[in-house]
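What follows is a set of notes on a single structure, which appears directly below.
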Amino acid sequence: MILQRSYPVEPWSVSETTLDLSLLAQSESLFALSNGHIGLRGNLDEGEPYGIPGTYLNGFYEKRPLPYAEAAYGFPETDQTLINVTDGKLIRLLVDDAPLDVRYGDLHDHHRRLDLRTGLLERTVDWTSTAQTRVRIHSRRLVSFSQRAIAAVEYVVEPVERAARITLQSELVANEQQPRLSRDPRVAAVLEHPLEAVTHDRDDFSIVLLHRTRASKLLMGAGMGHIVEAPGRTETEVVVSQDWARLTIACTLQPGEQLRVVKLIGYGWSSLRSETAVRDQVAGALSGARLTGWDGLVREQRAYLDEFWDTADVAVDGNPELQQAVRFGLFHVLQSGARTERRAIPSKGLTGPGYDGHTFWDTEMFVLPLLTYTYPKAAADALRWRHSTLDRARRRATELHLAGAAFPWRTIRGDECSGYWPAGTAAFHVNAGIAAAVVRYASATGDTGFEQEVGLELLVEIARLFASLGHYDRNGGWHIDGVTGPDEYSAIADDNLYTNLMASRALVAAAEMSQRHPAIASGLDVTPEEVSDWRKAAAAVSVPYDDVLGVHQQSEGFTRHAEWDFVASRDTYPLLLHAPYFDLYRKQVVKQADLMLAMHWCGDHFTAEQKAHNVDYYERRTVRDSSLSACTQAVLAAEVGHLDLAYDYAYEAALIDLHDLQKNTRDGLHMASLAGAWLALVAGFGGFRDHGGMPSFDPALPEGLTRMRFSIRWQNLRLTVDVHPDEVTYAIDANARSGLLLRHAGEEITVTAGAPITRPLRKPTPLLQRPMQPLGRAPISAHRATGSVPEE
């Protein structure tokens with residue numbers, strides 16, 4: 001766990017007040033900057049020491065064969081791995097003849113601060129070299145939201161007590177040395193030297209290096225340009241080679257004098273364009289950034305973030321630590337998706353090498369709900385990327401002897417990259433999640449152009465997939481057998497309830513959208529008979545239920561499986577590292593919320609009593625060995641009235657990386673959990689649901705929170721929901737031309753401009769006692785974190 005003293009609680013920033021080299025890799029993830037296209041880990045300016053060096057371009061990967069001890073038909077053959085590209089953020093400093101390295105000399109002060117409103121990572125260093133020359137350095141770094149291909153660094157150095165000869169070296173370095181990130185030597189070989197030099201170019205204003213990956217044959221360019229300010233004479237030198245370029249600036253400074261260098265960094269890549277085109281793109285981006293200047297880039301960054309926070313901010317009173325964590329998460333989720341522009345949103349964003357840079361199902365089910373309601377353009381881009389991979393998904397479905405399109409469990413480019421069949425290909429629910437994201441976006445935005453260009457075709461192909469995947473029994477029930485739901489400890493199951501309900505909704509959504517756009521549907525060869533078949537299957541879907549226990553079954557037969565021995569396993573989490581999957585698959589132990597996820601997104605299928613009993617049953621068997629679980633458990637705990645339990649889960653979801661709760665923040669941030677913290681607050685304590693295409697709310701605050709204020713975008717309106725312990729106020733923008741119909745605790749109300757509506761809150765009364773969790777798996781107490789523990 002990251003020590004709390006290193007990151008003081010602040011409402012709009014995350015600061016590191018001391019440099020702890022043992023936590024360097026974690027801090028590099030926390031301080032990562034990205035715009036969804038370029039990602040820079042929070043490495044020190046001088047590059048060393050480091051935990052994991054990282055500069056990433058979204059979608060830029062190398063491929064390698066997937067090894068199998070026993071290969072079989074339908075197994076994916078090739079993996080894709082996000083690689084560390086040419087590092088442009090390096091600025092090395094020599095003070096007299098001593099290189100700045102915090103491991104040597106005397107480090108008097110070291111402070112880093114990520115400002116969530118400006119988008120700047122600021123660093124101050126007060127250091128004395130081994131030769132007793134003292135300097136102060138102040139740097140600021142950004143990855144531009146407004147200029148997609150640009151990152152920039154402002155670097156200022158000044159001597160403190162006596163004159164010093166300052167030598168600054170600004171570099172581009174390809175194939176920089178990496179720590180061993182995988183025990184598999186084949187993966188290590190890909191990561192150690194992934195780029196082949198193509199050419200390099202320089203002029204009076206910029207330097208550009210071009211490289212290509214060896215196997216995937218992707219072409220990338222990295223360039224740099226500089227603005228230099230110094231009080232006297234300077235000497236400069238430029239050296240360029242295949243894998244590195246360096247600008248050296250040397251000068252002598254008196255105490256109080258400063259050398260200021262603004263470094264502009266440009267990136268571009270393509271699988272199709274020529275070397276000349278990529279080179280010119282990077283050079284052109286640098287020219288545009290030079291025209292804007294550092295101050296202009298800073299203003300643009302602040303303006304972009306002001307617009308985002310105007311809708312996305314969730315103000316939480318009563319728990320400053322939770323407030324900071326939620327804003328930290330919102331900022332990083334924005335960074336992951338802001339300028340992807342038809343690229344995937346990786347599960348770690350562009351903050352680290354975890355999961356090989358792959359995107360999973362959690363993008364659609366955890367990240368896109370947040371973006372849909374706060375920054376819908378990014379959600380549309382992510383879904384347009386899915387649409388761009390349709391041909392690959394169709395080929396995969398054909399390979400699996402299925403109709404329609406089968407989207408991958410994990411991927412970068414759109415091809416299946418999971419080598420483990422039970423938790424990869426068998427997890428067909430990823431397709432239902434994409435369909436749900438399409439419906440959610442279309443409903444929230446009213447974007448008919450999206451429906452016509454992207455949404456309908458996605459829904460049609462997903463409906464065809466599920467229609468071919470399911471079958472009818474002799475009694476007319478419709479089943480999907482041999483699949484894996486969200487719970488990866490229960491693989492190859494029949495009638496996973498989440499998959500079944502989500503598939504049935506995808507079938508209905510495809511039918512309804514086909515009828516709204518009959519001409520386009522006809523062009524996709526959709527017939528009335530096919531639409532009727534979709535509706536018939538959805539209506540007959542099997543929903544497993546145990547009449548004796550009075551609970552829904554996660555999948556058919558789940559509740560008759562042997563119970564897991566949670567006493568024996570109390571010190572062996574995560575279980576997947578200590579127990580054979582064979583044992584996990586055949587017992588009642590749940591890795592992450594599965595049935596509870598169904599109750600969140602398909603909540604109108606369950607009664608309040610069913611939800612209460614289901615939560616009570618599955619809470620006792622869910623071990624949260626996945627970062628995707630706590631937020632969903634928060635939502636359902638809040639809905640059934642266990643507000644204190646929901647509070648604990650929300651706290652855990654929000655603090656997952658700031659506290660390194662899963663001990664793997666070094667590999668990158670957990671985007672789905674960070675987005676899930678928003679869900680925990682807005683869907684949990686705000687009671688927000690979108691069933692039936694209408695926003696509905698039923699807020700309730702836990703003891704310890706005195707107010708929560710959030711906004712969502714719905715049909716081009718911004719709705720603000722201001723929750724207090726006893727009442728809630730709904731308001732829309734004063735200049736709105738139309739009202740907004742919504743439900744509050746089942747009551748339909750219309751909110752109009754200039755006329756906020758206030759309603760009292762119902763007092764939730766749990767039907768059952770607060771459930772216990774498996775031994776040793778209770779969530780961290782949010783009350784104890786704030787020093788306020790409610791009476792039992």
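The values are calculated or read from the model by the stated rules, or taken from the named source; none is laboratory data. The structure presented is a predicted model; accordingly, all values stated were derived computationally and were not measured. Every residue, glycine as well, gets a Cβ built from its backbone with ideal geometry; the counts of neighbours run over all protein chains shown. SASA here: full protein model, heavy atoms, side chains in, ligands and nucleic acids out. Shrake-Rupley method; radii C 1.70, N 1.55, O 1.52, S 1.80 Å.
Structure values in brief
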quantity: Virtual spin-label span in nm between GLN254 and GLN662, 7 Å along Cα→Cβ; calculated: 5.6
quantity: Unsatisfied cross-links (Cα-Cα over 28 Å) in the set LYS348/LYS611; LYS663/LYS763; LYS377/LYS763; LYS591/LYS663; calculated: LYS348/LYS611; LYS663/LYS763; LYS377/LYS763
quantity: Linear extension gain, LYS536 paired with ARG273, 0.36 nm per residue minus alpha-carbon span; calculated: 90.0 nm
quantity: Positive minus negative residues near GLN132 (Lys, Arg vs Asp, Glu; Cβ under 13 Å); calculated: -2
quantity: Solvent-accessible heavy-atom area per residue, rounded to whole Å², over segment 559-718 at 1.4 Å; calculated: 31
quantity: FRET efficiency estimate (nearest 0.05) - Cβ-Cβ, ARG759 to VAL156, R0 45 angstrom; calculated: 0.25
quantity: Cα gyration tensor shape for segment 637-697, rounded if a/c is under 1.5, else prolate or oblate; calculated: oblate
quantity: The chain, accessible surface, carbon-and-sulfur percent (1.4 angstrom probe); calculated: 48
quantity: Length-normalised contact order of segment 211-330 in % [C-alpha pairs under 8 Å, at least 6 apart]; calculated: 24
quantity: Solvent-accessible area per residue for segment 144-264 (1.4 angstrom probe, square angstrom); calculated: 44
quantity: Kirkwood hydrodynamic radius of segment 597-723, Cα pairs, Å; calculated: 15.2
quantity: Whether segment 195-333 is rounded, prolate or oblate, judged on the alpha carbon gyration tensor where a/c under 1.5 counts as rounded; calculated: oblate
quantity: Separation of alpha-carbon centers, segment 290-318 and segment 15-57, rounded to whole Å; calculated: 21
quantity: For segment 699-752 and segment 199-270, distance of Cα centres in Å; calculated: 50
quantity: Qualifying lysines (Cα of each under 20 Å from Cα of LYS89; at least 8 residues distant if same chain); calculated: LYS263
quantity: Computed [θ] at 222 nm, helices only, for the chain once each DSSP H run of length n ≥ 4 contributes -39500 (n - 2.57); calculated: -9000 deg cm²/dmol
quantity: Rounded, prolate or oblate (a/c below 1.5 giving rounded, otherwise prolate when a/b exceeds b/c) for segment 244-400 by Cα gyration tensor; calculated: oblate
quantity: Burial order of peptide ranges 348-357, 109-118 (average beta-carbon count within 10 Å, highest first); calculated: 348-357, 109-118
quantity: Residues listed by number, segment 248-288, amide nitrogen under 15 Å from ARG202 label point at 7 Å toward C-beta; calculated: 248-250
quantity: Debye-sum result for segment 108-208 in log10 I(q)/I(0), which assumes one identical scatterer on each alpha carbon, at q = 0.11, 0.14 Å⁻¹; calculated: -0.61, -0.92
quantity: Rounded accessible area of MET772 (nearest 10 Å², 1.4 Å probe); calculated: 130
quantity: Rounded FRET efficiency, nearest 0.05, which uses the C-beta distance separating ASN475 from HIS138 and R0 of 56 Å; calculated: 0.15
quantity: Order of exposure, largest accessible area first, which applies to PHE366, PHE582 with probe 1.4 Å; calculated: PHE582, PHE366
quantity: Dipole axis of segment 280-383 (+1 Lys, Arg; -1 Asp, Glu on Cβ), positive-most option in VAL367, TRP294, PHE331; calculated: TRP294
quantity: Whole-Å distance, taken between Cα centres, linking segment 363-406 and segment 539-575; calculated: 30
quantity: Per-peptide average of other Cβ atoms within 10 Å, ordering 487-496, 283-292, 94-103, 61-70 highest first; calculated: 487-496, 283-292, 94-103, 61-70
quantity: Cβ crowding within 10 Å averaged over residues, with 747-755, 249-257 ranked highest first; calculated: 249-257, 747-755
quantity: Sites ASN735 and ALA778, calculated FRET efficiency, Cβ-Cβ separation with R0 45 Å, nearest 0.05; calculated: 0.40
